[in-house]
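A short worksheet on the structure shown next.
The values are calculated or read from the model by the stated rules, or taken from the named source; none is laboratory data. Given the structure is predicted, the values throughout are model-derived calculations rather than measurements. Backbone-built Cβ (ideal geometry, glycine too); neighbour counts: all protein chains shown.
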């Protein structure tokens, strides 16, 4: 029996409004990266579902057995489940989660979406070469202190990345780029200029290629990649809350 790491458990908050937020974590990450945002939104009365993507919260070997189609199916299944209970389901995704939220918005009639640190382009061009190597895994090269600090914060993410899963992520990004013109729902894009992983030009690319009339980029200056846990997280939370208020 597979056991999900205690820091990677999915979560659900009922809320007392007609809107529920579908929170989607990033590649190799877990719902823990979205939990502070979920707690904030719960206190504002919103329903919140923080799902765990297939292959995550277990081992890198489990992630290697999955790919973008399984990740998307999990998101779409949860979206359709929530649709039966709430008037509005708003997807909010971080990194890979942002790409998944965009794809969901191209396939379903969502009424709004939030994309945080979504990777259209990577900061390090060598990321594209990794998928072509003969290696099975590559390491994030975190120090022991960084690993300890993340666990103390309640976070969970893999230290090794399966190449086959990363290649699937790259394939998925290319697929979603071709679908952006189908997205009509209002969109909020958040991106840090200091993101060490994602090239900030990704947010501008998304903005320029979305067909929706209502769209906005919120630029951050002091955050890294996981902006839901960064120095400007309060600004992130408030921008999202304002966006949700406009959907009422």
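Numbers below:
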| item | result |
| --- | --- |
| Any chance residue 213 is more than 29 Å from residue 69 (Cβ to Cβ) and assigned to a loop (DSSP other than H, G, I, E, B) | yes |
| Test: residue in segment 217-225 that is free of Cβ contacts under 8 Å to residues at least 24 places away in the same chain and not in a strand (DSSP E or B) | no |
| Condition met for residue 176 (modelled with pLDDT of 95 or more, over 19 Å from residue 122 (Cα atoms), touching a helix residue (DSSP H, G or I) at 6+ places or on another chain (Cβ under 8 Å) and part of a helix (DSSP H, G or I)) | no |
| Check on residue 248, surrounded by fewer than 21 Cβ atoms within 10 Å (Cβ to Cβ) and modelled with pLDDT under 95 | yes |
| Test: residue in segment 227-245 that is exposed (fewer than 14 other Cβ atoms within 10 Å of the Cβ), out of contact with any helix residue (DSSP H, G or I) (no Cβ under 6 Å at 6 or more places or on another chain), modelled with pLDDT under 95 and in a loop (DSSP other than H, G, I, E, B) | no |
| Residue within segment 51-69 that is in contact with a strand residue (DSSP E or B) (Cβ under 6 Å, 6 or more places away or on another chain) and surrounded by 24 or more Cβ atoms within 10 Å (Cβ to Cβ) present | yes |
| Filtered residue count, segment 192-214, keeping only those that are surrounded by 14 or more Cβ atoms within 10 Å (Cβ to Cβ) and in contact with a helix residue (DSSP H, G or I) (Cβ under 6 Å, 6 or more places away or on another chain) | 2 |
| Single match in 204, 234 (criterion: touching a strand residue (DSSP E or B) at 6+ places or on another chain (Cβ under 9 Å) and free of Cβ contacts under 8 Å to residues at least 24 places away in the same chain) | 204 |
| Filtered residues of segment 103-160 (kept if assigned to a loop (DSSP other than H, G, I, E, B), under 17 Å from residue 171 (Cβ atoms) and modelled with pLDDT under 90) | 131, 132, 133 |
| Members of segment 82-103 found to be without any contact (Cβ under 8 Å) to a residue 40 or more places away in the chain and either touching a helix residue (DSSP H, G or I) at 6+ places or on another chain (Cβ under 9 Å) or surrounded by 15 or more Cβ atoms within 10 Å (Cβ to Cβ) (or both), listed by number | 83 |
| Matching residues, segment 1-13, being assigned to a loop (DSSP other than H, G, I, E, B) and touching a strand residue (DSSP E or B) at 6+ places or on another chain (Cβ under 6 Å) | 10 |
| Single unsatisfied condition, residue 53 versus (1) under 14 Å from the mean Cα position of the chain (by Cα); (2) free of Cβ contacts under 8 Å to residues at least 12 places away in the same chain | (2) |
| Verdict on residue 168 being in contact with a helix residue (DSSP H, G or I) (Cβ under 7 Å, 6 or more places away or on another chain), surrounded by 15 or more Cβ atoms within 10 Å (Cβ to Cβ) and assigned to a helix (DSSP H, G or I) | yes |
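Residue-wise test of (1) buried (at least 19 other Cβ atoms within 10 Å of the Cβ); (2) under 14 Å from residue 94 (Cβ atoms); (3) out of contact with any strand residue (DSSP E or B) (no Cβ under 7 Å at 6 or more places or on another chain).
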site	(1), (2), (3)
22	yes, yes, no
26	yes, yes, no
34	yes, yes, no
39	no, no, yes
46	yes, no, no
